[in-house]
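Laboratory data are not the source of any read-out in this text; all were calculated from the coordinates shown. Quantities reported herein were computed from a predicted structural model and do not represent experimental measurements. In this analysis, Cβ positions are derived from the backbone assuming ideal geometry, glycine residues included, and neighbour counts consider all displayed protein chains.
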Amino acid sequence: MSTTSSQLVRYFTRSNNSRVGVIELNNPSKRNALSLSTLHQLLDIIRKVEHDGSVRVVVLQAKGPSFSSGHDLSEIRHFQKEAMEKSKYKEEQSPKEKLNDLFCVCSDVMTSIIKSTKPYVAKVDGVATAAGCQLVASCDLAYASIGSKFSTPGVNIGLF
């Protein structure tokens, strides 16, 4: 199964071994930030892979210099700004509901990986910060390049 490179998350199988599925975060210009749309795409792919009997193991990797910078803080700030402007509540979801959805979908992604019947291997080459580090920690196994770095800055304020 192939996807176009314009998607935030790509899925493919290794050409030499279709039993290895590869999920690739594909937004290097935003350091593979976990935006709401990225998380929705990731969750959809995880659910599809879970039901694909030909895939025996899943590699989670990222394109670009960062594995993942965590949540998309510009998106969170945008949701918070919308929450301050009462006139925006005419949308389908209120800004508070969008934030709640963001954190619920993120939790669903992590839980789906943990509960998967297939082993997940995080292939880290770069920085994995905050929710990006949590994504790595959700996998069964992680291997990282020498230059990779991990950070959970939210721990300092009671998050993670």
Checklist entry - Label points 7 Å out from Cα along the Cβ direction at Lys115 and Glu97: separation in nm? => result 2.4
Checklist entry - Ranked highest first by average number of other Cβ atoms within 10 Å, how do 117-128, 141-152, 50-61, 32-43 line up? => result 32-43, 117-128, 50-61, 141-152
Item to check | Listed candidates (1) 19.1, 59; (2) 16.2, 54; (3) 20.7, 61 - label of the one calculated as Rg and Dmax of the Cα atoms in Å | outcome: (2)
Checklist entry - For the stretch 47-146, what is the relative contact order in percent, using Cα pairs closer than 8 Å and at least 6 residues apart in sequence? => result 41
Checklist outcome for this item: TM-like helix rule applied to the chain (DSSP H, alpha carbon span at least 15 Å on the long axis, mean Kyte-Doolittle at least -0.5) gives 36-50, 95-115
Item to check | Extension gain (nm, one decimal) between Glu50 and Ala144, 0.36 nm per residue minus Cα-Cα | outcome: 31.4 nm
